[in-house]
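The values are calculated or read from the model by the stated rules, or taken from the named source; none is laboratory data. Since the structure is predicted, the reported quantities are computational estimates derived from the model, not experimental observations. All Cβ positions, glycine included, derive from the backbone under ideal geometry; neighbour counts span all protein chains shown. Surface areas here come from the heavy atoms of the whole protein model, side chains and all, with no ligands, DNA or RNA. Shrake-Rupley method; radii C 1.70, N 1.55, O 1.52, S 1.80 Å.
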Amino acid sequence: QEGRYNFVIHLTQLFLSRPLDTQSETMSDSEQYAMENVDAGASETIPMEAGQIKKGGYIMIKGKPCKVLNISVSKTGKHGHAKCNFTATDIFTGKKLEDMVPSTHGTTVPIVKRSEWEIIDIGEEGELTLMDEGGNQKTDVNLPSYPETMAQEIRDAWNDGENQVSVTVQAAVGIEQVVAFKKENNAA
């Protein structure tokens with residue numbers, strides 16, 4: 001019995017002498033990182049049954065937020081599910097994508113937000129300084145790379161600050177991009 005008692009004391013001492021904090025920190029850091037990752041993606045999309053998505057709506061295809069151009073529904077066999085064939089364009093690149101999902105199955109829809117901003121400055125590298133109606137500034141958006149000509153059109157319309165130009169910024173799945181612009185009429 002005394003031998004068992006000494007063995008338990010030895011194990012306890014061995015366990016207590018081991019540096020616990022480094023082990024637990026590493027573990028909690030990785031768990032925290034994984035949770036942040038899951039949470040970030042989850043809040044930017046919502047689940048939806050494929051059959052509920054309409055033309056002109058949004059859908060995630062291959063991890064890209066897309067606007068639905070066309071939906072065709074095909075019925076398969078006696079016991080098959082109706083399948084929705086989606087034709088859509090990536091809302092940031094204009095690239096055409098297709099996907100086929102059974103109509104009763106779930107898919108994800110991106111949460112897309114649009115906001116209006118006035119250009120305050122355009123940097124040499126295309127970085128924009130924007131202001132909204134409330135006076136809030138935004139400096140984390142650049143001139144768009146798609147469509148190819150839009151960046152130069154915005155520069156020309158703004159004319160080094162001679163004209164007032166407002167832009168529409170579209171945001172989805174953590175990406176923000178200028179998708180439209182308008183030169184304001186300056187009454188002189």
Mean Cα-pair separation over length for the range 56-157, i.e. relative contact order, pairs under 8 Å, 6 or more apart, %: 17
Working with all protein chains in place, sort Thr89, Thr108 by solvent-accessible area computed with a 1.4 Å probe, largest first. Thr108, Thr89
Amide H of Tyr58: which non-local residues (sequence gap of 5 or more, or other chain) have their own amide H closer than 5 Å, using H built in the peptide plane? Val68
Expected output is a single nm value to one decimal: the length gained when fully extending between Glu125 and Met48, i.e. 0.36 nm times separation in residues minus the C-alpha distance. What is it? 23.8 nm
Residues whose built amide H sits under 5 Å from the amide H of Glu127, excluding neighbours closer than 5 in sequence, are Leu143
For the range 108-188 the mean separation of alpha carbon contacts under 8 Å (6+ apart) over residue count, i.e. relative contact order in percent, is 31
Whole-Hz Karplus ³J(HN,Hα) for the range 62-70, in order, using 6.51 cos²θ - 1.76 cosθ + 1.60 and θ = phi - 60°, x for Gly and Pro? 6, x, 10, x, 10, 9, 6, 8, 8
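Over the residues of the range 39-132, compute the C-alpha Rg and express it relative to 2.2 N^0.38 Å.
For the range 39-132, the normalised Cα radius of gyration comes out at 1.40.
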One finds, for Arg114 and Ser74 with R0 = 35 angstrom and r their Cβ-Cβ distance, a FRET efficiency to the nearest 0.05 of 0.60
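For Arg155 and Asn142 in the same chain, what is the full-extension length gain: residue separation times 0.36 nm, less their Cα-Cα distance, in nm?
3.5 nm
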Which value, in Å² rounded to 10, gives the accessible area of Ser166 with a 1.4 Å probe and all protein chains present? 20
Using a 1.4 Å probe, what is the accessible area per residue for the range 47-130, in Å²? 59
Specify the inter-centroid distance of the range 144-188 and the range 86-139, based on alpha-carbon positions, in whole Å. 13
Whose amide H sits under 5 Å from the amide H of Val173, counting only residues 5 or more places off or on another chain, with H placed in the peptide plane? Ile111
